[in-house]
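**Q** The structure that follows is given in the form of structure tokens.
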Amino acid sequence: MLAAAALVAVSVQTGTAGAQSDSAARDGKADTGALPAKVTPKERAGLLRTADARAEGTADTLKLGGKEKLKVRNVVKNRDGATHTRYERTYAGLPVLGGEIIVHRAPDGSIESTDRANPLDITVPTT
């Protein structure tokens with residue numbers, strides 16, 4: 001029984017290891033669009049400026065509280081033009097421990113998804 005379970009586990013792992021997009025499978029080539037693009041320092045500075053300019057709108061889209069702000073920490077651009085922006089979240093100017101948010105944008109700039117360590121709203125009791 002244990003051997004059968006191990007065999008199934010190995011089959012599942014190897015069955016998904018070679019998964020590619022449909023177009024990549026048709027062409028017989030790997031899809032490299034999701035790999036990081038090589039950017040010059042000037043291009044990187046532009047990516048950081050763009051992300052910084054979008055920070056307030058991004059915070060609104062993510063429905064962060066009024067005292068919460070996003071500070072750009074890094075931007076990675078893929079070969080296909082998609083970007084991944086790493087933000088530090090602050091509350092009333094203080095860094096939020098575990099508040100990092102990564103925003104994944106499509107090449108057209110629309111938000112595709114986000115990753116965050118803590119999705120909860122921040123509440124601070126007052127005395």
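Quick note: the coordinates plus some simple rules give every number you see, no bench work behind them. This is a predicted model, so every value here is computed, not measured.
**Q** Could you list which residues have their amide H under 5 Å from that of ALA37, counting only those 5 or more apart in sequence or on another chain, with H placed in the peptide plane?
**A** Here the answer is LYS77, ASN78, ARG79, since their amide H atoms fall under 5 Å of that of ALA37.
**Q** Starting from the exponent 0.38 and prefactor 2.2 Å, build the expected Rg for segment 34-116 from its residue count and divide its actual Cα Rg by it.
**A** Numbers: Rg = 12.7 Å, N = 83, 2.2 N^0.38 = 11.8 Å.
Here the answer is 1.07, to two decimals.
**Q** Another question about this same structure. For Cα pairs less than 8 Å apart in space and 6+ apart in sequence, what is the mean separation divided by the residue count of segment 34-116, i.e. the relative contact order in percent?
**A** Numbers: 138 pairs, mean separation 19.2, N = 83.
Reported relative contact order: 23 percent.
**Q** Which lysines does LYS63 reach when only Cα atoms under 21 Å apart count, and residues fewer than 8 places away in its own chain are ignored?
**A** LYS71
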